[in-house]
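**Student:** Have a look at the structure that comes next, please.
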Amino acid sequence: MTHTWAVDRALAVVSLKRRLAYKANWVFAIVLGGGSMLANLALWHNLIGEGTLGGYDWDAMRAYLIISFFTATLAFSGSDWEIADRILDGLIAVDLTKPVDFQRARAAEFIGSMLSTVPTAVLGVVGAWLLFSPPGPVSPLAGLLTAVSVLFVFPLAFGITYLSVLVCFWTRRYLGIMWAREALLGFFSGMLVPLALMPAPLQALSWALPFPHFTTTPSHIYLGRVDTAGALGLLAAELAWTVVLWFGGRLVFKHAVKKVTVHGG
Amino acid sequence: MAELIATRTGGARHAFAVYRRSLAAHFRSIVEYPADFWVMASAGALWQTLQFAFLAILFANVSAIAGWGYHEMLVLVGFLTLGGATTAVFWDGVWSIGSMVIKGDIDYRITRPAPVIVQVASLHVGMQAFGELSLGTVMLVYGWVGAGLSPTLIPLALLMLACAVVIETAVLTALCAVNFWVKGTMSVFAFLVNDLQQDVLRFPLGIYPAAVRLVAMFVIPLAFVSFVPVEVLTGRASDWWAFGPPIAAAATAAAAILVVRAGLRSYDSAGH
């Protein structure tokens with residue numbers, strides 16, 4: 001195996017360029033994510049008014065929803081279909097003959113495609129910031145740790161997506177798997193409704209999963225709902241999930257790849 | 001005149017027969033691959049279960065959204081879900097227009113003796129809809145009973161639900177047909193509007209600025225799929241608004257027919 005960082009970088013750049021070639025994707029992502037963010041802002045403004053809900057006042061909720069928009073734009077932008085199609089079309093048989101680690105190669109492509117939406121996400125956040133002027137981070141350190149927690153969205157999104165895409169070894173389609181994953185991610189991350197509003201058992205279940213680190217963790221750190229030690233603990237949990245998902249992916253792939261049948265010869 | 005009516009009736013009957021047989025063939029193919037069916041149906045059911053949970057969590061913390069109670073919200077989401085899911089079962093093939101235009105696959109359909117749109121729309125069945133239909137019905141019925149709506153309103157609700165399906169189908173068809181001009185395998189406009197509809201119209205329009213309400217009522221009248229019917233059923237809107245869904249259904253259906261016809265006229269096949 002001669003898989004090097006240069007290979008990863010090259011695959012990520014190719015994936016990034018492929019995405020950037022389709023300018024419509026930029027508009028597409030901002031209209032979709034922006035529309036959802038505006039609908040949520042209208043809803044929570046109506047619900048919270050001058051009071052608080054789950055410990056969020058209107059100021060905190062504005063920041064929460066904008067952070068949620070940013071991380072959701074990144075989390076839902078990876079090249080999942082490209083991986084699924086390789087498995088469903090049988091192209092993976094060719095991949096297996098290459099001197100490249102399949103998982104690392106797909107991770108590089110996935111991260112490259114996620115990077116393509118960073119400008120869109122930043123533009124959306126700047127627009128929302130100007131329109132709704134949410135409060136800043138509770139401290140400069142909290143701001144820095146929030147940025148670190150957002151960086152973990154990249155490997156976490158890949159880890160979860162990769163594991164779910166591997167189900168395609170057993171099915172003929174990917175769409176249903178994608179919907180199920182997105183539904184679970186949207187719900188248990190707190191994108192749909194903040195975890196603080198959920199009943200205790202549901203909150204406990206959410207925190208036992210990797211999903212809250214997409215929205216709740218960055219917003220908790222940003223808004224000072226956890227102190228520095230708590231923030232570092234959350235970052236450690238993100239790191240742990242990154243490792244678990246990575247090796248979980250390896251383990252499942254080892255079994256799943258036995259389903260590949262090469263015809264002809 | 002009688003001859004013309006007879007010809008048109010015969011044509012419609014023939015088109016419906018083609019549609020029915022084509023769709024039946026796809027139902028048979030679903031039975032052949034049960035794993036895919038269950039994955040898709042479960043995904044649809046999961047979406048709706050989480051939607052249900054979302055509303056339950058929300059209403060554990062608040063008593064109303066813009067004056068709407070929990071059960072009324074369930075009726076609203078039930079209408080939204082059933083309108084979309086029924087369209088997915090019976091008309092899901094229209095999502096393929098974009099790729100068919102690019103590949104030149106419309107050529108084959110034009111040469112066959114049945115309306116092109118009927119052939120295309122019956123090419124696929126949205127299997128996720130089976131999960132959505134089940135959970136959507138549960139939400140609608142549970143919300144209906146909880147909101148104390150009278151059983152005498154059921155015929156009106158069914159009529160407005162039928163109109164909702166026509167509106168959903170017509171808007172989806174018109175937006176997918178945009179791919180006759182804006183080439184692309186993905187029906188971007190339909191996807192955008194469909195997604196925004198799910199995000200925006202699962203809440204009462206009263207929480208939005210006037211511009212959003214105007215667009216949802218009169219530009220792309222998707223408010224008549226869910227919001228207006230539930231307003232009428234719960235007595236928030238006057239009875240006159242009950243005429244809104246049939247009028248919106250007729251208007252959107254006419255617009256969809258015009259867009260598809262114009263699209264087919266501008267279709268110039270692939271490879272040049």
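**Student:** So, of the residues in the range A:2-44 that are of a type in the set (A, V, I, L, M, F, W, C), touching a Ser or Thr at 6+ places or on another chain (Cβ under 8 Å) and over 25 Å from B:Gln197 (Cα atoms), which turns out to be surrounded by the fewest Cβ atoms within 10 Å (Cβ to Cβ)?
**Tutor:** Here the answer is A:Leu20.
**Student:** I would also like to ask the following. Note down all Cβ pairs under 6 Å where the first residue falls in the range A:43-65 and is within 14 Å of chain B (Cβ to nearest Cβ), the second is in a loop (DSSP other than H, G, I, E, B), and they're at least six residues apart or on different chains.
**Tutor:** Close Cβ pairs satisfying both conditions: A:Leu43/B:Phe203; A:Asn46/B:Ala66; A:Leu47/B:Val62; A:Gly54/A:Pro194.
**Student:** Which helices (runs of 4 or more DSSP H) sit wholly inside the range A:93-209 and have at least 3 residues that are free of Cβ contacts under 8 Å to residues at least 24 places away in the same chain?
**Tutor:** Correct list: A:118-132, A:140-151, A:175-188, A:200-207.
**Student:** Return a yes/no flag: does the range B:224-232 have any residue that is at pLDDT 95 or above, farther than 15 Å from B:Val171 by Cβ and surrounded by fewer than 16 Cβ atoms within 10 Å (Cβ to Cβ). Steps first, answer last, please.
**Tutor:** Taking the range B:224-232 first, the residues at pLDDT 95 or above are B:224-232.
Remaining after also requiring farther than 15 Å from B:Val171 by Cβ: B:229-232.
Add one more test, that the residue is surrounded by fewer than 16 Cβ atoms within 10 Å (Cβ to Cβ), and what stays is none.
No, the conditions are met nowhere in the range B:224-232.
**Student:** Now, a different point. Run A:Pro199 past the list (1) more than 30 Å from A:Ala6 (Cα to Cα); (2) in contact with a helix residue (DSSP H, G or I) (Cβ under 6 Å, 6 or more places away or on another chain); (3) within 14 Å of chain B (Cβ to nearest Cβ) and report the number of the one that doesn't hold.
**Tutor:** (2)
**Student:** Another one. Among the helices (runs of 4 or more DSSP H) contained in the range B:25-121, which hold 3 or more residues that are farther than 30 Å from A:Leu202 by Cβ and either at pLDDT below 95 or away from chain A (no Cβ under 14 Å) (or both)?
**Tutor:** On the way: elements: B:34-61, B:70-91, B:97-103, B:106-110, B:116-121.
Those helices (runs of 4 or more DSSP H) span B:70-91, B:97-103, B:106-110, B:116-121.
**Student:** Now for a separate question. Out of (1) more than 17 Å from A:Gly127 (Cα to Cα); (2) within 14 Å of chain B (Cβ to nearest Cβ), what's the single condition that is false for A:Leu16?
**Tutor:** Tallying (1) more than 17 Å from A:Gly127 (Cα to Cα); (2) within 14 Å of chain B (Cβ to nearest Cβ), A:Leu16 fails exactly one: (2).
**Student:** Going residue by residue through the range A:98-120, is there one that turns out to be out of contact with any strand residue (DSSP E or B) (no Cβ under 6 Å at 6 or more places or on another chain), under 30 Å from A:Val226 (Cα atoms), exposed (fewer than 13 other Cβ atoms within 10 Å of the Cβ) and not small (Gly, Ala, Ser)?
**Tutor:** First pass over the range A:98-120, keeping only residues out of contact with any strand residue (DSSP E or B) (no Cβ under 6 Å at 6 or more places or on another chain): A:98-120.
Still in the running and under 30 Å from A:Val226 (Cα atoms): A:111, A:114-115, A:117-120.
Next, only the ones that are exposed (fewer than 13 other Cβ atoms within 10 Å of the Cβ) stay: none.
Scanning the range A:98-120 turns up no residue that is out of contact with any strand residue (DSSP E or B) (no Cβ under 6 Å at 6 or more places or on another chain), under 30 Å from A:Val226 (Cα atoms), exposed (fewer than 13 other Cβ atoms within 10 Å of the Cβ) and not small (Gly, Ala, Ser).
**Student:** Taking the conditions exactly as written (of a type in the set (Ser, Thr, Tyr), within 24 Å of B:Leu172 (Cβ to Cβ) and buried (at least 20 other Cβ atoms within 10 Å of the Cβ)), does B:Thr81 satisfy them or not?
**Tutor:** In short, yes.
**Student:** Then there's this: Please identify the pairs in which a residue from the range B:166-179 that is among the polar types (S, T, N, Q) has its Cβ atom under 6 Å from the Cβ atom of a residue that is in a helix (DSSP H, G or I), counting only partners at least 6 apart or on another chain.
**Tutor:** B:Thr169/B:Thr87; B:Thr169/B:Trp91; B:Thr173/B:Val94; B:Thr173/B:Ala256; B:Asn179/B:Ile97; B:Asn179/B:Gly98; B:Asn179/B:Val101
**Student:** On to the next question. Quick check on the range B:175-201: of everything there that is of a type in the set (Phe, Trp, Tyr) and within 22 Å of A:Met37 (Cβ to Cβ), which residue is surrounded by the most Cβ atoms within 10 Å (Cβ to Cβ)?
**Tutor:** B:Phe189
**Student:** Further question: Hey, does the range A:129-144 have a residue that's touching a Pro at 6+ places or on another chain (Cβ under 8 Å), hydroxyl-bearing (Ser, Thr, Tyr), under 28 Å from A:Ile48 (Cα atoms) and modelled with pLDDT of 95 or more?
**Tutor:** Among the residues of the range A:129-144, not one is touching a Pro at 6+ places or on another chain (Cβ under 8 Å), hydroxyl-bearing (Ser, Thr, Tyr), under 28 Å from A:Ile48 (Cα atoms) and modelled with pLDDT of 95 or more, which makes the answer no.
**Student:** Something else now. What about A:Gly90, is it within 14 Å of chain B (Cβ to nearest Cβ) and in contact (Cβ under 8 Å) with a residue 60 or more places away in the chain? Break it down into steps so the answer makes sense when it comes.
**Tutor:** Working: within 14 Å of chain B (Cβ to nearest Cβ): no; in contact (Cβ under 8 Å) with a residue 60 or more places away in the chain: yes.
For A:Gly90, the condition - within 14 Å of chain B (Cβ to nearest Cβ) and in contact (Cβ under 8 Å) with a residue 60 or more places away in the chain - is not met.
The values are calculated or read from the model by the stated rules, or taken from the named source; none is laboratory data. Because the structure is predicted, anything quoted here is derived from the model rather than measured. In this analysis, Cβ positions are derived from the backbone assuming ideal geometry, glycine residues included, and neighbour counts consider all displayed protein chains.
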